[in-house]
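Just so it is clear, none of the values below were taken in a lab; they were calculated from the coordinates. What you see is a predicted model; the values in this text were computed from it and never measured. All Cβ positions, even for glycine, are placed from backbone atoms using ideal geometry, and neighbour counts span all protein chains on display.
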Amino acid sequence: MAEVKKQNWFKRTWGKVCKYLRELKSELKKVVWPTPQQVLKNTAIVVACVVVVGIFIWLFDFVAQVGIDALISVFH
C-alpha cells in the first residue's frame, strides 16, 4: 500500500487562507449595507441616548453627593 504524502505546512495554510477569503467575499456580497442617511440617523440616536444616560448619571451622582454631604454635616 502506497503512503499518501501530506502537503507541506505552507501549502495547507495558504489553501485555507484562500478558501477563507473566497468565502468572506461571498458573504460580503449578501450584506445589505445601510444608506448614508440611515447611518446618520442611527448615529444621532446613539449620541442622543449617550447624552441622556450621561445626564441621568450626573443627576444621580449630584443627588448622592448632596445627600452624603448632608449626612456628614448632621453627624459631624
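How far, in nm, would the chain grow between Ala48 and Thr35 when pulled straight, counting 0.36 nm per residue and subtracting the alpha carbon separation?
Separation in residues times 0.36 nm, less the Cα-Cα distance, equals 2.7 nm.
Across the chain, where is the longest run that never hits trypsin sites (Lys or Arg not before Pro) in a DSSP loop with at most 11 other C-beta atoms within 10 Å?
Counting only loop sites that pass the neighbour cut-off, the longest clear stretch is 7-76.
Taking the inverse of the average 1/r across all pairs of different Cα atoms in the chain, what Kirkwood radius in Å do you get?
On the way: mean 1/r = 0.0521 Å⁻¹.
It works out to 19.2 Å.
Which FRET efficiency value, to the nearest 0.05, do you get for His76 and Phe56 by plugging their Cβ-Cβ distance into 1/(1 + (r/R0)^6) with R0 = 22 Å?
With R0 = 22 Å, the Cβ-Cβ based efficiency is 0.15.
Rounded to the nearest 0.05, what FRET efficiency do Ser26 and Lys6 give with R0 = 30 Å and r taken as the Cβ-Cβ distance? Could you check? Could the numbers behind the result be given before it?
Values: r = 28 Å, r/R0 = 0.93.
Approximately 0.60, to the nearest 0.05.
If I fit a long axis through the Cα atoms of helix 36-75 and take the longest principal axis of the Cα atoms of the chain, what angle between them do I get, 0 to 90°, rounded to 10?
Once rounded, the angle reads 40 degrees.
For the chain, please report how many Lys pairs fall under 26 Å Cα to Cα, leaving out neighbours fewer than 8 apart on the same chain.
For the chain, the number of qualifying lysine pairs is 13.
Give me the angle, in degrees from 0 to 90, between the Cα long axis of helix 9-30 and the longest principal axis of the Cα atoms of the chain, rounded to the nearest 10.
That helix lies at roughly 60 degrees to the long axis.
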